[in-house]
Amino acid sequence: MQAVGMIAEFNPLHHGHVYAMQQARALGHADVVVVAMAGNYVQRGEPAIVDKWARTQAALAAGADVVVELPISATVQSAPQFATGGVQLLAALGVTQLAFGSEDPTVDYAALAAKLATHQVAPTTFTDYTQTYATQLNQAVAQVTGAPLSGPNLLLGLSYAQANLAAGSPLTLLPFGRVGAGHDAPAAGVTASASAVRQAIAAGEPITQWVPAPSAAQLAANRHQTWADFYPWLRYRLLTADLAELRTIAGMSEGLEYRLTQHIAASHDFPDFLRRIKSKRYTYARLRRLCLAVTLNLTNASVAAAQAQPFIHVLGFTAAGQAYLHGVKKTVAWPLVTRVSAAMLAPGGLLAPQQPGEHLIETLTGRSQNYGRVPVRAESGGSSC
């Protein structure tokens, strides 16, 4: 069976995502669409609005055939690490094509990645403290390639290409043009970005014109997680952890532990705290990811442990997706997990590094996120949604 892969968050799934899966299937001449989906936490440094099982259900109804979990060790990271996690996960599952949306699908991402590979362009080389890492990266990419990539999906596409090149180019890249509202843009007609949908939900406004029915149903039926839920836990952690402990947190660098602990006591809520710790050096997304890592005690050691024993956690499939998994299960590069056992969650177990984050979602929702859960099954994809 021919498979095409996508890397997504579906936070929440909207009409643009349905279009993206349709484009992926068409461009890849694919029998199945395999989605590496962020689990309960997303790359912008937030909990997903509803849990991974609800979003899997919506994805299968909207056109996905297999949904596998992109673990927290990859999702609460900057774009290069996020892309690396997704590319490696899809390649391990035998997928040979990666489709993704772009502001300019004519860009030769593979060629740009190859050109950048001959230069040392990395955040560790950026020393201008009056600009963010992201700004300096954009400038370096433009200087090396002659192609300024200011759009967020252009940069993410480049990250996919770089991750693919580093992995030996196991995936053929299939960029396609985005439609509708841009990333973080206001809603426009029947299209809206995921950010705009979340803002509408928070304001109590109707969203049915922007999301397919299965996604609307999951949003209505499941508890919504936001930073307002997490802030008390972050506050407690920063008020009680010592500096040496905070220095072990993934992403903690350049003395940020001092900045965080100095401002937490006077902060009224999470937005207030972010404003207090913001500087020209760091984007809000970078700071949210760091705060999430602190809240979940996501340490450098736990990230390294997760990367040392990768796995494929299957969250759901259609009949076609199940047939695909059956066909590749003997050749997949990593352990294929369809039911999580207690041993997998015990210290040193395959999914143990995931557990701190899952425990917090379980505390909020009252539902297990791993133990005993089996993949969501759907008869067929719902690409006509």
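The values are calculated or read from the model by the stated rules, or taken from the named source; none is laboratory data. Source: prediction; values computed, not measured. So basically every Cβ, Gly included, is an ideal-geometry build from the backbone, and we count neighbours across all protein chains shown. The accessibility values were calculated without ligands, DNA or RNA, using every heavy atom of the protein model including side chains. Shrake-Rupley method; radii C 1.70, N 1.55, O 1.52, S 1.80 Å.
See the values below:
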| read-out | value |
| --- | --- |
| Search result, residues across segment 1-33 that are open to solvent by 20 Å² or more (accessible area, probe 1.4 Å), in contact (Cβ under 8 Å) with a residue 24 or more places away in the chain and more than 27 Å from His224 (Cα to Cα) | Met1, Gln2, Gln22, Gln23, Arg25, Leu27, His29, Asp31 |
| The listed residue being within 14 Å of Val34 (Cα to Cα) and β-branched (Val, Ile, Thr), out of Thr318, Thr338 | Thr318 |
| Residue within segment 99-110 that is in a loop (DSSP other than H, G, I, E, B), surrounded by 22 or more Cβ atoms within 10 Å (Cβ to Cβ) and of a type outside the set (Lys, Arg) present | no |
| Some residue of segment 317-336 being open to solvent by less than 10 Å² (accessible area, probe 1.4 Å) and of a type in the set (A, V, I, L, M, F, W, C) | no |
| Qualifying residue in segment 308-330 (condition: in a helix (DSSP H, G or I) and within 30 Å of Ala241 (Cβ to Cβ)) | yes |
| Residue in segment 41-49 that is at pLDDT 95 or above, touching a Cys at 6+ places or on another chain (Cβ under 8 Å) and part of a loop (DSSP other than H, G, I, E, B) present | yes |
| Near pairs, Cβ below 7 angstrom, 6+ apart or cross-chain, from segment 260-278 (surrounded by 12 or more Cβ atoms within 10 Å (Cβ to Cβ)) to any residue that is part of a loop (DSSP other than H, G, I, E, B) | Phe273/Ile264; Phe273/Ser267; Arg276/Ser267 |
| Leading residue by the ranking (surrounded by the most Cβ atoms within 10 Å (Cβ to Cβ)) among those in segment 168-182 that are in contact with a helix residue (DSSP H, G or I) (Cβ under 6 Å, 6 or more places away or on another chain) and within 14 Å of Gly86 (Cα to Cα) | Leu171 |
